[in-house]
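The values are calculated or read from the model by the stated rules, or taken from the named source; none is laboratory data. Being a predicted model, the structure only gives us computed values, none of them experimental. A quick note on method: Cβ atoms are made from the backbone with ideal geometry, for glycine too, and the neighbour counts reach across all protein chains shown. What goes into the accessible areas is simple: the full protein's heavy atoms, side chains included, and nothing from ligands, DNA or RNA. Shrake-Rupley method; radii C 1.70, N 1.55, O 1.52, S 1.80 Å.
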Amino acid sequence: MTSELAELDQKHAMPDEEAPDAVPVPHALVPHLNETAILLDIDGTLLDLMPTPREVWVPPGLSETLNRLTERTSGALAMVSGRSLNDIDLIFAPDVFRAVAGHGAEMRLSVDNEADDVHAPPMDKELKRRLAAIAKLSPGILLEDKGYSLALHYRLAPHAEKAIYEAVSLIRADLPNAPIEVLPGKFVCEIKHPGFTKATGVRELMKHEPFNGRRPIFIGDDVTDETVFAIMPDMNGLSFSVGRRAIGVNGHFDAPNDVRAFLAHLLDDTRLE
């Protein structure tokens, strides 16, 4: 199964034209941690991809690394994910982290709060019902209802990709005024309200303490992370892609275990103290 998933992920990788070479020592670019904000995508970046979203797990030692980095940055570490806040908390329990969740639909600025802001209204029930029916196209299509969006995961049914997007297009054509945006990802098609993205969430996050005034470092792997890659220069920030050499980033990591090793190394780098 692992080799099959790797092969499928490779088919979804973007071309390397004009993409940067790997940065052999990306930690050399990082400023002092007391000047840094660390922003991390989860699936495929911090954690290894699994056949289904529910199967991801936190490797030994990662929790300690994240908590120590949170302490060293005075709390300026946040998850930036398409997952809901509730989902993020279930994965990392009992740890709780600041987060931009749901592709910018939710935000948590304090670990003492469930959520500080929700930027998206609930999706229309009839629209959601019609979109949910797409999951019946093939066994292996998994439906995820976040309330403000609906995701169709097809990692277990990659052959259904074309049929899924065609079905979504037909619904959009039938309801041209419906306020929805289709967000493609790695073996997932997410339908959400327009007007919010990971980038809008990060921009808002960086206006608040303890992130305000710090230099952000963002690490992500998917197409949905490209909006954040694009805004990092505006914030004098750094960005790194995972698994592919994305255009416009400062460097890349080959796999999530390299990201985890990089984060652990930051704690041992006396230059960053």
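Look at residue 68 and say whether it is at pLDDT 95 or above, of a type outside the set (S, T, N, Q), in contact with a Gly (Cβ under 9 Å, 6 or more places away or on another chain) and open to solvent by 10 Å² or more (accessible area, probe 1.4 Å). Taking the combined requirement at face value, the residue does not satisfy it. Taking each residue of the stretch 241-254 that is not assigned by the TED database to the domain that holds residue 216 and looking for partners that are part of a strand (DSSP E or B) and open to solvent by 20 Å² or more (accessible area, probe 1.4 Å) with beta-carbon atoms closer than 9 Å, six or more apart or interchain, yields nothing. For the stretch 237-272, the tally of residues that are open to solvent by less than 40 Å² (accessible area, probe 1.4 Å), in a loop (DSSP other than H, G, I, E, B) and either modelled with pLDDT under 90 or more than 15 Å from residue 36 (Cα to Cα) (or both) stands at 5. Scanning the stretch 109-123 turns up one or more residues that are more than 30 Å from residue 217 (Cα to Cα) and open to solvent by 40 Å² or more (accessible area, probe 1.4 Å). Could you grab me the full set of residues in the stretch 182-232 that are open to solvent by 40 Å² or more (accessible area, probe 1.4 Å) and assigned to a strand (DSSP E or B)? Answer for the stretch 182-232, where residues must be open to solvent by 40 Å² or more (accessible area, probe 1.4 Å) and assigned to a strand (DSSP E or B): 184, 215. Every listed requirement among (1) farther than 25 Å from residue 35 by Cα; (2) buried (at least 23 other Cβ atoms within 10 Å of the Cβ); (3) of a type in the set (S, T, N, Q) is met by residue 81 save one, (1). Does residue 163 meet the test of being touching a residue at least 12 places away in the same chain (Cβ under 8 Å), part of a helix (DSSP H, G or I), farther than 22 Å from residue 219 by Cα and among the aliphatic types (A, V, I, L, M)? Yes; evaluated as a whole, the condition is true for this residue. When 93, 76, 133 are checked against the criterion of being crowded, with 19+ Cβ neighbours inside 10 Å and either small (Gly, Ala, Ser) or in contact with a His (Cβ under 7 Å, 6 or more places away or on another chain) (or both), a single residue qualifies: 76.
The single residue among 143, 170 that is in a strand (DSSP E or B), open to solvent by 40 Å² or more (accessible area, probe 1.4 Å), over 30 Å from residue 239 (Cα atoms) and out of contact with any Ser or Thr (no Cβ under 9 Å at 6 or more places or on another chain) turns out to be 143.
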